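Below: one structure, written as structure tokens.
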Amino acid sequence: MSVRTPQAAARLGADPMPAPWEPASRPRLWAVRVSAYAERAAAWESVLDADELARCRTFVRSGDRDRYRVAHVALRRLLGAYLDQDPAAVHLIREPCPGCGETHGRPAVAGAPIHFSLAHAGDAVLLGFADTPVGVDIEPEPAPDAAAEVARMLHPTEEAEIAALPASERPAAVGRCWARKEAYLKGVGIGLGEDPSVTRVGAGPEPAAVPGWSLTDVPVFPGHMAACAVRTRQ
């Protein structure tokens, strides 16, 4: 199995915290249920920095606030474990965007040998860690009307793959395609600064080959599609 293929997603709060990161480790994934981890995240809120705390408090709805807090507490706790540091001492930065050069590219830890990515949707959070740039995404299965609208935004081959399916199978195909696409674009660091129709990631049962990247579907929670993209060469 390729060293760029991630291990199955561990569950934060159920599985033990990881040991410090070893060079050349396989990518690691962690999944978190917001509702199951919200109390613990509130107890660990002090690990967040001033900007994260301020951002957390801007959310009016408690569900949005819990989702943000869970995601960022989980990220800091896992980075602290991998880097053998106090989670509150982990210094997060933004890398330059590969599209425009401004500092809104991939999030990163200053001077660290580990790359990470974070995604959340509804009650689910997914985090990925790797030696090389990594992107993860998680999406709920879209409603049929939303799926039809999104399909028109995709690469022409992906749109054709979806159109060839029975109507009942199209929402799941759109969901997995979009999760793959977001994971790849987050790994690149450009996000939706690239039009979704440009890079083909595939809407079929297996991801399409993307030069320089290993793209993997990630089984997580029922009703969700998730994917991980890991760069295979520097």
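Structure data summary
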item	result
Flag if residue 229 is in contact with a Lys or Arg (Cβ under 8 Å, 6 or more places away or on another chain), within 22 Å of residue 95 (Cα to Cα) and of a type in the set (A, V, I, L, M)	yes
Residues (in contact with a helix residue (DSSP H, G or I) (Cβ under 8 Å, 6 or more places away or on another chain) and open to solvent by 10 Å² or more (accessible area, probe 1.4 Å)) located in region 123-136	123
Count - residues of region 181-200 that are β-branched (Val, Ile, Thr), outside any helix (DSSP H, G or I) and under 17 Å from the mean Cα position of the chain (by Cα)	1
Answer residue from region 159-182, given it is closer than 30 Å to residue 118 by Cβ and hydrophobic (A, V, I, L, M, F, W, C) and is surrounded by the fewest Cβ atoms within 10 Å (Cβ to Cβ) among those	172
Region 191-234, residues that are open to solvent by 50 Å² or more (accessible area, probe 1.4 Å) and either of a type in the set (A, V, I, L, M, F, W, C) or in contact with a Ser or Thr (Cβ under 6 Å, 6 or more places away or on another chain) (or both)	192, 198, 200, 209, 231, 232
Selection within region 137-151 - acidic (Asp, Glu) and crowded, with 20+ Cβ neighbours inside 10 Å	137, 139
Meets criteria (β-branched (Val, Ile, Thr) and either free of Cβ contacts under 8 Å to residues at least 60 places away in the same chain or in contact with a His (Cβ under 9 Å, 6 or more places away or on another chain) (or both)) for residue 220	no
Only listed residue being out of contact with any Pro (no Cβ under 9 Å at 6 or more places or on another chain) and part of a helix (DSSP H, G or I), chosen from 160, 208, 203, 146	160
Unmet requirement for residue 39, which otherwise passes all of (1) more than 25 Å from residue 135 (Cβ to Cβ); (2) touching a strand residue (DSSP E or B) at 6+ places or on another chain (Cβ under 8 Å)	(2)
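Results for (1) in contact with a Gly (Cβ under 9 Å, 6 or more places away or on another chain); (2) in a helix (DSSP H, G or I); (3) open to solvent by less than 50 Å² (accessible area, probe 1.4 Å), shown as yes or no for each residue.
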site: 5; (1), (2), (3): no, no, yes
site: 25; (1), (2), (3): no, no, yes
site: 54; (1), (2), (3): no, yes, no
site: 59; (1), (2), (3): no, no, yes
site: 65; (1), (2), (3): no, yes, no
site: 79; (1), (2), (3): no, yes, yes
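The values are calculated or read from the model by the stated rules, or taken from the named source; none is laboratory data. Because the structure is a prediction, the values reported are computed rather than measured. Positions of Cβ are generated from backbone atoms using ideal geometry, with glycine treated the same way; all protein chains shown enter the neighbour counts. Ligands, DNA and RNA are excluded from the accessible area calculation, which covers all protein heavy atoms including side chains. Shrake-Rupley method; radii C 1.70, N 1.55, O 1.52, S 1.80 Å.
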